[in-house]
Amino acid sequence: MSIETWLAFAAVSVVFLASPNRLTMLVVRYARGQGRKSVLATLPALIFGVLVVMGAALLALTVLDDIVPEILDPVRWVGPAYLLFVLIRLWRSPGSRAPVADNDNLPEDKPLRIMRHAFAASALDRWNYVLAVAVLTQFMPLPAPALDHALWLVGVFLALAVSIWILAALAAPRIHSHMRRRIPKGVTSPRHHPVLIASGSVTAGYRKIAA
């Protein structure tokens, strides 16, 4: 693959990883709530989850290429439009993915539970698989993608992901403040409804008392 294609893949990866997506904002939330040391739990789980997603996507593309290769042509055509749609949606509605309150409650506080939550957020979200297929079809040399080529793509993506997630954890307070400023006043998502926030606060308080 040419250096131009590698640079294009790296650029697409950076744009999506640096956007207010669910995984990056998960790193930010835990870094704010549990401290920067939380990356010791979130990063391994997210890396493993990404490996599962990328591996499954590569396997699916290989199988489709062997059975019904003609189906990959429409995927290549639709892929760029889908990627653009996802990117615009991420930047236009960051409030649904970012914490809006200084006392935003985290679902887990123990390292193993944090790892389980981070892995589930990456490996059990079906849209991550759709996104992986949309990206890989633009850069994988089909038919018969070479294993070393696939490993390079996954390696480059993981290297960029780890770098961006570490930076996100280090800059978590600034990212949080920036995301709060971008949320229009008077606009709240169901996840941040006052009743739900109050219920979360009561639950968090009960957990502390029970502990």
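The values are calculated or read from the model by the stated rules, or taken from the named source; none is laboratory data. Model, not experiment: these values are computed from the prediction. Using ideal geometry, Cβ is built from the backbone for each residue, glycine included, and neighbour counts are taken over all protein chains shown.
When segment 21-44 is limited to residues that are surrounded by fewer than 20 Cβ atoms within 10 Å (Cβ to Cβ) and either among the β-branched types (Val, Ile, Thr) or not in a helix (DSSP H, G or I) (or both), the one that is modelled with the highest pLDDT turns out to be Asn21. Among the residues here, Ala101 qualifies as surrounded by fewer than 17 Cβ atoms within 10 Å (Cβ to Cβ), modelled with pLDDT under 85 and over 21 Å from Ala150 (Cβ atoms). Scanning segment 147-190 for residues that are part of a helix (DSSP H, G or I), modelled with pLDDT under 75 and surrounded by fewer than 13 Cβ atoms within 10 Å (Cβ to Cβ) yields Leu147, Arg181, Pro190. For first residues located in segment 108-137 and over 19 Å from Leu17 (Cβ atoms), partners that are hydroxyl-bearing (Ser, Thr, Tyr) and part of a helix (DSSP H, G or I) and lie 6+ apart or on another chain with Cβ distances below 7 Å form the pairs Ile114/Tyr30; Ile114/Ser38; Ile114/Thr42.
Per-residue answers, yes or no, for (1) surrounded by 16 or more Cβ atoms within 10 Å (Cβ to Cβ); (2) at pLDDT 90 or above; (3) not basic (Lys, Arg):
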| residue | (1), (2), (3) |
| --- | --- |
| Leu84 | no, yes, yes |
| Arg92 | no, no, no |
| Ser96 | yes, no, yes |
| Arg113 | no, yes, no |
| Ala123 | yes, yes, yes |
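Checked against (1) farther than 30 Å from Arg113 by Cα; (2) free of Cβ contacts under 8 Å to residues at least 60 places away in the same chain; (3) within 19 Å of the chain's Cα centre (by Cα), Arg89 passes all but condition (1). Restricting segment 27-70 to residues that are touching a Ser or Thr at 6+ places or on another chain (Cβ under 7 Å) and not hydroxyl-bearing (Ser, Thr, Tyr), the residue that is farthest from Leu136 (Cα to Cα) is Ala31.
Screening Asp65, Asp73 for residues that are at pLDDT below 90, touching a Pro at 6+ places or on another chain (Cβ under 6 Å), closer than 22 Å to Leu153 by Cα and in a helix (DSSP H, G or I) leaves exactly one candidate, Asp65.
When the criteria are applied in full, Pro141 fails the requirement of being loosely packed, with under 14 Cβ neighbours inside 10 Å, at pLDDT below 90, assigned to a helix (DSSP H, G or I) and of a type outside the set (Gly, Ala, Ser). Each residue in segment 157-177 was checked for being touching a residue at least 40 places away in the same chain (Cβ under 8 Å) and farther than 16 Å from Asn21 by Cα, and 2 pass.
Inside segment 1-56, residues that are charged (D, E, K, R) and touching an Asp or Glu at 6+ places or on another chain (Cβ under 8 Å) make up a count of 3.
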